[in-house]
Amino acid sequence: MRQEIERLINVILDEVDCIDDLVDAMREQRQAMHDRDNEAINSLMNETRDLSFEVQACETLRSDLSKKLAAMLSCEPKASSLSAAMSNEEQENFNGAVDKLTQSVFVLKSEIMILSGLIEQNEKYTSMLLSEWRRINGDNISNSGGADFRG
């Protein structure tokens, strides 16, 4: 296998590992939120931030290597074009890595959708609680004969 192709495959697999680690951290964070473990939540927030940066670095490297390899093979820097310019063994290894990346990205998108839904739900409950608090607080002030600060 050509060295450039092998390097690209390794970078793709590194990105898969980073994404999988990010997904695991997001799931742990969700569980920590359920358990109301603020210390774990904060720690996992830092971990997910760091892992996100790692994923971005892997993605940038993968993109750069894809462009260089595409220039070398005289094709587009897309998986299908790169694969078509490879030998059978290279194609098999490359396509396997690309499939793993596709699956990991799908799982990550699912986790992001779940997290977005939880955030949206939290915003609704918070809004409802604030509205109720204001209603109760307003009723208590008017019924309790609270202090009159008018001149």
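The values are calculated or read from the model by the stated rules, or taken from the named source; none is laboratory data. Source: prediction; values computed, not measured. With ideal geometry, Cβ positions are generated from the backbone for all residues, glycine too; neighbour counts draw on all protein chains shown. Just the protein is used for accessible areas: all its heavy atoms, side chains included, with ligands, DNA and RNA removed. Shrake-Rupley method; radii C 1.70, N 1.55, O 1.52, S 1.80 Å.
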Given (1) open to solvent by 80 Å² or more (accessible area, probe 1.4 Å); (2) within 20 Å of LYS109 (Cβ to Cβ); (3) of a type outside the set (Lys, Arg), number of the condition HIS34 does not satisfy: (2)
Residue under evaluation PRO77, criteria (1) part of a helix (DSSP H, G or I); (2) open to solvent by 60 Å² or more (accessible area, probe 1.4 Å), criterion not met: (1)
Residue check, ARG30 modelled with pLDDT under 95 and in contact with an Asp or Glu (Cβ under 9 Å, 6 or more places away or on another chain): yes
So ARG49, is it surrounded by fewer than 16 Cβ atoms within 10 Å (Cβ to Cβ) and among the basic types (Lys, Arg): yes
Some residue of the stretch 95-112 being touching a residue at least 12 places away in the same chain (Cβ under 8 Å), surrounded by fewer than 13 Cβ atoms within 10 Å (Cβ to Cβ) and of a type in the set (D, E, K, R): no
Filter result for GLU4 (farther than 27 Å from GLN121 by Cα, among the charged types (D, E, K, R), open to solvent by 30 Å² or more (accessible area, probe 1.4 Å) and in contact (Cβ under 8 Å) with a residue 12 or more places away in the chain): yes
Residues of the stretch 52-67 that turn out to be surrounded by 13 or more Cβ atoms within 10 Å (Cβ to Cβ), among the hydroxyl-bearing types (Ser, Thr, Tyr) and within 21 Å of the chain's Cα centre (by Cα), as a count: 1
Residue that is surrounded by fewer than 13 Cβ atoms within 10 Å (Cβ to Cβ), modelled with pLDDT of 95 or more and farther than 29 Å from VAL23 by Cα, where the choices are ALA70, ALA84, ALA147: ALA84
